[in-house]
Amino acid sequence: MSGFLNFTKEKQITKVVEVSVEDIVPNPHQPRTKFTENDIVSLAESIYQNGILQPLSVRKTGDKFELIAGERRLRAAKSCGLQTVPCIIYDVSQRNSAILALVENIQREDLSFFDEAIGIEKLISYYGMTQEDAAAKLGRAQSTVANKLRLLRITDEERKLIIDNELTERHARALLKLGSTEDRMTILNKIIMNNLNVEKTEKLIDEYIGCQKEKNSYKKRSVVFKDVRIFVNTINKAVETMQAAGINANSQKIKNKEYIEYKIRIPLTKN
């Protein structure tokens with residue numbers, strides 16, 4: 001964590017101290033939205049056998065300590081009955097505490113890719129960072145950050161299906177080729193039903209897009225044909241009206257593959 005603390009007039013109190021678990025409050029900017037029970041139980045068993053190997057990071061807020069990093073460790077410690085946990089206290093502002101919490105959690109490998117994207121979006125929207133700033137803070141390429149943020153176009157309902165069915169980030173990115181929620185849900189249900197890998201998912205999406213383009217092209221042609229029929233009927237009606245009035249008008253239709261040609265003959269005098 002010390003590599004993140006490059007803030008003016010803010011410092012780390014390096015001494016590790018035991019803090020009561022009851023005195024530690026959650027960080028409101030924790031990007032992780034899902035903690036699996038099995039994960040917590042497994043970590044609790046490890047802590048019971050070996051203790052907490054990495055201290056939690058906190059900052060003092062009144063008579064409490066706000067958690068900067070280590071919520072999984074704190075939850076696991078509580079579940080196995082620990083009364084205190086080892087902590088390193090950081091003397092940082094609320095803003096920088098939030099940034100540290102986001103950065104630390106975003107860099108964890110077990111954070112879901114949607115939670116990671118939400119965390120990056122918070123760095124940008126809440127704290128006035130650019131994508132370049134966020135990328136530098138996280139040690140990522142700017143293009144990687146941009147791709148993560150694109151995942152936020154996927155709705156909450158779609159995200160839940162993706163996470164619950166253990167689909168990958170590449171599945172999610174492939175779905176972004178589809179512009180509407182309805183199309184994505186259609187494909188997503190097929191992916192889940194048929195247990196498709198990424199390669200088969202991308203093939204399915206490409207085929208679906210091709211079919212949709214063909215349908216749209218057909219609809220456009222249908223509209224054109226409908227309009228053409230209206231114009232043709234108008235011409236025929238005009239010729240019939242002239243004939244009813246005693247004008248010996250006539251028309252000739254010549255149909256080609258690309259167009260319809262009409263020749264209309266109207267005499268200058270009545271019969």
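Helix 198-244 axis versus longest C-alpha principal axis of the chain: approximately 30°, rounded to the nearest ten. Three principal axis extents describe the C-alpha atoms of region 93-166; from largest down they are 38, 24, 21 Å.
With contributions of -39500 (n - 2.57) from each DSSP H run of at least four residues, the per-residue ellipticity at 222 nm computed over the chain stands at -17000 deg cm²/dmol. For the chain, the convex hull spanned by the alpha carbon atoms encloses 225 Å³ per residue. In a simple Cβ point-charge model (Lys, Arg +1; Asp, Glu -1; nothing else charged), the chain has a dipole of about 1980 debye relative to its Cα centre. Centre-to-centre, using Cα atoms only, region 97-174 and region 52-70 are separated by 24 Å.
So for the chain, taking the charge dipole from beta-carbon charges (+1 Lys/Arg, -1 Asp/Glu), which of S125, S180, T269 sits furthest toward the positive end? Going by the Cα projections, it comes out as T269.
The fraction of accessible area contributed by carbon and sulfur in the chain is 50 percent, rounded to a whole number (1.4 Å probe; ligands and nucleic acids excluded). Of the chymotrypsin sites (Phe, Trp or Tyr not before Pro) in region 83-157, the ones in a loop by DSSP (not H, G, I, E or B) with at most 13 other beta carbons within 10 Å are Y126.
Excluding the sites themselves, what is the longest stretch of the chain that contains no trypsin sites (Lys or Arg not before Pro) in a DSSP loop with at most 12 other C-beta atoms within 10 Å? It works out to 35-256.
Per residue, what accessible area does the chain have, given a 1.4 Å probe and all protein chains present, in Å²? Please report the intermediate quantities before stating the final value.
Values: 16780 Å² over 271 residues.
The answer is 62 Å² per residue.
The values are calculated or read from the model by the stated rules, or taken from the named source; none is laboratory data. Bear in mind that the values here come from a model prediction, so they are computed numbers and not experimental data. All Cβ positions, glycine included, derive from the backbone under ideal geometry; neighbour counts span all protein chains shown. Accessible surface areas use protein heavy atoms only, side chains included; no ligands, DNA or RNA. Shrake-Rupley method; radii C 1.70, N 1.55, O 1.52, S 1.80 Å.
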